[in-house]
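*Asks:* Just dropping this structure here.
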Amino acid sequence: MPQNEYIEQHIKQHGKRLDHEERQRKKQAREGHRVAKDAQNLTGWRAKQFNKKRYAEKVAMKKKIKAHQESKLNGPSTPKQDDGEALPTYLLDRQTNNTAKAISSSIKQKRLEKADKFSVPIPKVRGVSEEEMFKVIKTGKKNHKSWKRMITKHTFVGEGFTRRPVKMERIIRPAALRQKKANVTHPELGVTVFLPILGVKKNPQSPMYTQLGVLTKGTIIEVNVSELGLVTAGGKVVWGKYAQITNEPDRDGCVNAVLLV
Amino acid sequence: MQLSWKDIPSVPTSNDMLDIVLNRTQRKTPTVIRPGFKITRIRAFYMRKVRFTADGFAEKFSDVISGFPNINDCHPFHRDLMDTLYEKNHYKVSLAAVSRAKTLIEQVSRDYVRLLKFGQSLYQCKQLKRAALGRMATIVKKLKDPFVYLEQVRQHLGRMPSIDPNTRTLLICGYPNVGKSSFLKCITKADVEVQPYAFTTKSLYVGHFDYKYLRFQAIDTPGILDRPTEEMNNIEMQSIYAIAHLRSCVLYFMDLSEQCGFSIEAQVKLFHSIKPLFANKSVMVVMNKTDILRPEDLSEEKQELLKTISAVSGVEVMSASCVEEDNVMQVRNQACEKLLTARIEQKLKGTARVNNVLNKIHVAKPQSRDDVRRDAFIPDAVKNMKKYDAEDPNRRQLARDYEAENGGAGVFNINLKDKYLLEDDDWKNDVMPEVLDGKNVYDFLDEDIAAKLQALEEEEERLEKEGFYDSDDDDEDVDLDAIENGEDLEDIRDKAAWIRDKQKKMINESRYRKALKNRAVMPRDQVKKSFESMEEHMYSLGHDTSALKRNKSVSAGKELSGVDILKRNQGLASSSKTRVNKKKAPVSQTDRLNDGLNDGALRSQAERLAKIQRRERNRMARQGEGDRHSTAMLPKHLFSGKRGIGSNDRR
């Protein structure tokens, strides 16, 4: 019975077919034909897979070619030397701004800076209607009362929250849709950390949603960043920081946010 | 215990695994869903997809996990071998990663199914499904390296020879290139590579052979170099583990010609350094390549070195040449003998086995109850009999001798009936049929048969005399006589014909009656039959109808008078004895009309009062008790209002 490396041993003892290399070469050569045939004939799921793979290959190849060409174009770049020649006036004018322009641009800059204080990565959000946000729950023995509402979006519910008695509870936040943690990305460091949520600062849809802790796209939440080890200018460790939600949590089943720095 | 792992299912790469499972989900779950469907249906559709995919992954992962052997459950030899070949920790970590991925995927599926229960629209459900499958895919993609590693392990495990650690084993070890593989090739049919360079054999090889109808396995190990075990490489460690763990006869091979590249001193030194591994094993040292150099031709100091080996207790030294196949078989046989004796010794040494048998055996020693001697009874005739001696000319004549005298076996047959003990010796050779007329003779064999027969005959005679068999019915005799006379014969025939005819008619009639043929059937109690027809029928059946005729004539003679009819209508008993067919009231029922009224005067007064009572009501056209009245279907008072107690039908 064959044991251990019997395949290699057999090749060693008896060698390969005489035309092995030839066949390999031919197979290699025909590979393009096979791919072309597949591209034409495959259907359905296999075609999808095939096209995806081929697309990825093509993208990779194009990138490679582009990089190659660029390296050729630039060549061994030599820094331009200032040859001391005078520039024409129209070029000179570009370099130096006149005072009026300087003033206006500085004002603009200041305004921008002022606005920047309140700017967030996602400035606009899609409106969410009450019908979409709340689902009417029928109650009563005959199911004919409809004063109860259930929030259909993900919510943040603070620790130590207890539900009110059934008859008092007008708005239900389902336990399955409660979120405690968020995937927070630090935009400058480019890292993503799974951080606990401390609270909902502002939901742009409505102040009521802020109160209820509804998490939708664009909501500002406060997260516990003590894990990140951020330090203030004074040298204290930052504990809570704001972040903005960047996805629709009810579509993905998780909360992704970007840290506001 | 498992010795070979040739049927572990193959482990696909993580990408293939993804394709397999997702493709399966696509093929085996429904694919058509529309936003107009009920939301519960949409949710169920996507939940099914998520669950199905998770199940697919879990199934594939558990196949992988269960397919690979648990390294701790293996025999120590296999465990150590796997440890050196595959790095035990790496192996365990890889399997653990797969197992953890399984739980993670199940968790993801659980979470997303829970979220899907709150899905509000098709789009949202679809997105959630997409997220769930994406997360599963991420988990699987992280298993890329473990899968690649496990696939390699699987292939290597499958190609490993199946070594049984407990069977009879010859283990061939020694320096590289001393002729171990060629020895294995000589004694078994194993296809081992033999090359004139060191470390041709890089792993264990197994061959099988038979000796004394017993199956032996011979194991060829890679060469060992003389260095501490910590510095040994994986190839050498395989042989070390084989020597350490297998119950075997170790054949230590030496090359006296030093063609292998190692001096005799080095080879002797290696023997002494691995000697501790030979404890409890039988060891043989084989001087190989005697075709080049014989041990006798060695120089003095080298002979001395070799003696240090043979000085070790239990070590036997032999020489052989694998190239010329000289003395190879002797070496093999000697090793096998040594191994067998060692195994038997070991078996006997183990007290557990002996005790096991002893525990099952009980030797009963009966105690004498008294001092009376109870010897075996031997008849005197037997005691005095001369001991049979075939050589003695005056010996007893046996049936065999008699047979030999008369021509031997096949020619003469001895008479088995000769020794029968019967009352009369003449009966000995009588033919006694066992079966006669298909009956077993012995069943009918009775000694007193003649006496019984005589008794029966006497009884019969007596009974006959007493007139037991005489007929006691004389009338029958007369009837029989009459029939014999033949006068009434005609009459009887007529009657019989009439009876047959009648029977046929009856049958036809009843058949006609039974055949419905879409006719309306008159109920039996409505069918009217005239008196005559009844009478006729009775007569035809053979009843005496004279009484009926008498009755009829009486009733027909008396006519009903008008008074009788009136009285009958009023329900008053008529004075005359009428034969009107009237229904008799039950005894218990009272006549309420006349109850409590003594005479006609009271009766008429009561009637008058009743009439006066009715008059006003009739005048006003009021409803009386005689009027037909239908009650309400749902009486209001029973079906409405508050009910604090019980249900409607309990009130």
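The values are calculated or read from the model by the stated rules, or taken from the named source; none is laboratory data. Here the structure is a predicted model, which is why all the values come from computation and not from measurement. Every residue, glycine as well, gets a Cβ built from its backbone with ideal geometry; the counts of neighbours run over all protein chains shown.
*Asks:* Specify the residue that is farthest from the other protein chains (Cβ to nearest Cβ); the eligible residues are those in the range A:135-158 that are assigned to a loop (DSSP other than H, G, I, E, B) and under 16 Å from A:Arg173 (Cα atoms).
*Replies:* Taking the candidates together, the pick is A:Gly158.
*Asks:* Can you name the condition, by its number, that A:Gly213 falls short on among (1) at positive phi; (2) within 14 Å of chain B (Cβ to nearest Cβ)?
*Replies:* Among (1) at positive phi; (2) within 14 Å of chain B (Cβ to nearest Cβ), A:Gly213 violates only (2).
*Asks:* Shifting gears a bit: Given (1) touching a residue at least 40 places away in the same chain (Cβ under 8 Å); (2) part of a helix (DSSP H, G or I), where does B:Gln303 come up short, assuming only one miss?
*Replies:* B:Gln303 satisfies all of (1) touching a residue at least 40 places away in the same chain (Cβ under 8 Å); (2) part of a helix (DSSP H, G or I) except (1).
*Asks:* Can you tell me which residue is surrounded by the most Cβ atoms within 10 Å (Cβ to Cβ) among those in the range B:250-262 that are under 60 Å from the mean Cα position of the chain (by Cα) and closer than 22 Å to B:Pro228 by Cβ?
*Replies:* Going through the qualifying residues, I end up with B:Met254.
*Asks:* Can I ask one more? Please go through the range B:237-249 and give me each residue that is more than 17 Å from B:Ser203 (Cα to Cα), buried (at least 21 other Cβ atoms within 10 Å of the Cβ) and of a type outside the set (S, T, N, Q), ordered by number. Before you say what the answer is, go through the steps one by one.
*Replies:* Within the range B:237-249, the first condition is being more than 17 Å from B:Ser203 (Cα to Cα), and the residues that meet it are B:247-249.
So of that shortlist, the ones also buried (at least 21 other Cβ atoms within 10 Å of the Cβ) come out as B:248-249.
Selection gives B:Cys249 alone.
*Asks:* Sticking with this structure for a sec: Say whether the condition of being crowded, with 20+ Cβ neighbours inside 10 Å and not in a loop (DSSP other than H, G, I, E, B) is met by at least one residue in the range B:193-204.
*Replies:* No, the range B:193-204 contains no residue that is crowded, with 20+ Cβ neighbours inside 10 Å and not in a loop (DSSP other than H, G, I, E, B).
*Asks:* Could you list, in sequence order, all residues of the range B:117-140 that are among the hydrophobic types (A, V, I, L, M, F, W, C), part of a helix (DSSP H, G or I) and either over 19 Å from B:Ala101 (Cα atoms) or facing chain A (nearest Cβ under 9 Å) (or both)?
*Replies:* Residues of the range B:117-140 that are among the hydrophobic types (A, V, I, L, M, F, W, C), as a first pass: B:118, B:122, B:125, B:128, B:131-133, B:136-137, B:139-140.
So of that shortlist, the ones also part of a helix (DSSP H, G or I) come out as B:122, B:125, B:128, B:131-133, B:136-137, B:139-140.
Across the range B:117-140, the qualifying residues are B:Leu122, B:Cys125, B:Leu128, B:Ala131, B:Ala132.
*Asks:* I'd like to verify a number: residues in the range B:198-215 that are out of contact with any helix residue (DSSP H, G or I) (no Cβ under 8 Å at 6 or more places or on another chain) and within 10 Å of another protein chain (Cβ to nearest Cβ), how many?
*Replies:* So the answer is 2.
*Asks:* Somewhere in the range B:79-90, is a residue surrounded by fewer than 17 Cβ atoms within 10 Å (Cβ to Cβ), more than 42 Å from the chain's Cα centre (by Cα), not hydrophobic (A, V, I, L, M, F, W, C) and not in a helix (DSSP H, G or I)?
*Replies:* Checked against the condition, which is being surrounded by fewer than 17 Cβ atoms within 10 Å (Cβ to Cβ), more than 42 Å from the chain's Cα centre (by Cα), not hydrophobic (A, V, I, L, M, F, W, C) and not in a helix (DSSP H, G or I), the range B:79-90 yields at least one hit.
*Asks:* In addition: Can you tell me how many residues within the range B:19-58 are within 14 Å of chain A (Cβ to nearest Cβ) and surrounded by fewer than 19 Cβ atoms within 10 Å (Cβ to Cβ)?
*Replies:* Residues in the range B:19-58 being within 14 Å of chain A (Cβ to nearest Cβ) and surrounded by fewer than 19 Cβ atoms within 10 Å (Cβ to Cβ): 11 in total.
*Asks:* Also, quick follow-up: Given the criteria farther than 23 Å from B:His75 by Cβ and touching a strand residue (DSSP E or B) at 6+ places or on another chain (Cβ under 8 Å), does B:Phe262 qualify?
*Replies:* yes
*Asks:* While we're looking at this one, here's another question. I'm checking my understanding of the structure. Among residues of the range A:215-261 that are more than 15 Å from the chain's Cα centre (by Cα) and among the basic types (Lys, Arg), which one is surrounded by the most Cβ atoms within 10 Å (Cβ to Cβ)?
*Replies:* Among those residues, the one meeting the criterion is A:Lys241.
*Asks:* Still on this structure, please answer the following. Just checking, which of B:Tyr469, B:Tyr442 is farther than 30 Å from B:Lys417 by Cβ, at pLDDT 80 or above and loosely packed, with under 10 Cβ neighbours inside 10 Å?
*Replies:* B:Tyr469
*Asks:* Just for the range B:118-170: of the residues that are more than 30 Å from A:Ile7 (Cβ to Cβ) and charged (D, E, K, R), which one is modelled with the lowest pLDDT?
*Replies:* B:Arg168
*Asks:* Step by step: first the residues of the range A:231-258, then only those that are within 30 Å of B:Val50 (Cα to Cα) and in a loop (DSSP other than H, G, I, E, B), then the one that is farthest from the other protein chains (Cβ to nearest Cβ). Which residue is that? Walk me through how you get there before you give the answer.
*Replies:* Residues of the range A:231-258 within 30 Å of B:Val50 (Cα to Cα): A:244-258.
Next, from what is left, pick out any that are in a loop (DSSP other than H, G, I, E, B): A:246-248, A:253-255.
Numbers: A:Thr246: 15, A:Asn247: 10, A:Glu248: 8, A:Gly253: 5, A:Cys254: 8, A:Val255: 12 Å.
So, considering only residues that are within 30 Å of B:Val50 (Cα to Cα) and in a loop (DSSP other than H, G, I, E, B), the one farthest from the other protein chains (Cβ to nearest Cβ) is A:Thr246.
*Asks:* May I ask you to verify whether B:Thr167 is more than 14 Å from chain A (Cβ to nearest Cβ), free of Cβ contacts under 8 Å to residues at least 60 places away in the same chain and not in a helix (DSSP H, G or I)?
*Replies:* Yes: the conditions hold for B:Thr167.
*Asks:* Looking only at the range B:108-116, decide whether some residue is over 44 Å from the mean Cα position of the chain (by Cα) and either surrounded by 15 or more Cβ atoms within 10 Å (Cβ to Cβ) or not charged (D, E, K, R) (or both).
*Replies:* Within the range B:108-116 (the criterion being over 44 Å from the mean Cα position of the chain (by Cα) and either surrounded by 15 or more Cβ atoms within 10 Å (Cβ to Cβ) or not charged (D, E, K, R) (or both)), the answer is yes, since at least one residue qualifies.
*Asks:* For the range B:333-342, indicate whether the set of residues that are at positive phi and surrounded by 10 or more Cβ atoms within 10 Å (Cβ to Cβ) is non-empty.
*Replies:* Within the range B:333-342 (the criterion being at positive phi and surrounded by 10 or more Cβ atoms within 10 Å (Cβ to Cβ)), the answer is no, since none of the residues qualifies.
*Asks:* If I ask for residues that are part of a strand (DSSP E or B) and within 14 Å of another protein chain (Cβ to nearest Cβ), which ones from the range A:175-191 would you list?
*Replies:* Within the range A:175-191, A:Arg178, A:Lys181, A:Asn183 qualify.
*Asks:* A:Lys167 - would you say it is of a type in the set (Lys, Arg), farther than 12 Å from A:Ile245 by Cα and at pLDDT below 95?
*Replies:* Here the answer is yes, as A:Lys167 does meet what is asked.
*Asks:* Oh, and also: Which members of the range B:216-238 meet the condition of being closer than 21 Å to B:Cys186 by Cβ, away from chain A (no Cβ under 14 Å) and not in a loop (DSSP other than H, G, I, E, B)?
*Replies:* Matches in the range B:216-238: B:Phe216 only.
*Asks:* Now a separate question. Residue by residue through the range A:1-41, note down the ones that are surrounded by 11 or more Cβ atoms within 10 Å (Cβ to Cβ) and within 14 Å of chain B (Cβ to nearest Cβ).
*Replies:* Scanning the range A:1-41 gives A:Met1, A:Pro2, A:Gln3, A:Asn4, A:Glu5, A:Tyr6, A:Gln9, A:His10, A:Ile11, A:Lys12.
*Asks:* On to the next question. Does B:Tyr112 fit the bill of being hydroxyl-bearing (Ser, Thr, Tyr), assigned to a helix (DSSP H, G or I) and at the interface with chain A (Cβ under 10 Å from one of its Cβ atoms)?
*Replies:* It is true that B:Tyr112 is hydroxyl-bearing (Ser, Thr, Tyr), assigned to a helix (DSSP H, G or I) and at the interface with chain A (Cβ under 10 Å from one of its Cβ atoms).
*Asks:* Just one of A:Lys141, A:Lys145, A:Lys167 is of a type outside the set (A, V, I, L, M, F, W, C) and either surrounded by 10 or more Cβ atoms within 10 Å (Cβ to Cβ) or within 33 Å of the chain's Cα centre (by Cα) (or both); which is it?
*Replies:* Numbers: A:Lys141 fails: either surrounded by 10 or more Cβ atoms within 10 Å (Cβ to Cβ) or within 33 Å of the chain's Cα centre (by Cα) (or both); A:Lys167 fails: either surrounded by 10 or more Cβ atoms within 10 Å (Cβ to Cβ) or within 33 Å of the chain's Cα centre (by Cα) (or both).
It is A:Lys145.
*Asks:* Could you list, in sequence order, all residues of the range B:120-137 that are in contact with a Ser or Thr (Cβ under 8 Å, 6 or more places away or on another chain) and either free of Cβ contacts under 8 Å to residues at least 60 places away in the same chain or surrounded by fewer than 18 Cβ atoms within 10 Å (Cβ to Cβ) (or both)? Before the answer, list the steps.
*Replies:* Initially, the range B:120-137 is screened for residues in contact with a Ser or Thr (Cβ under 8 Å, 6 or more places away or on another chain), giving B:120, B:132-133, B:136.
Within the range B:120-137, just B:Gln120 meets the criteria.
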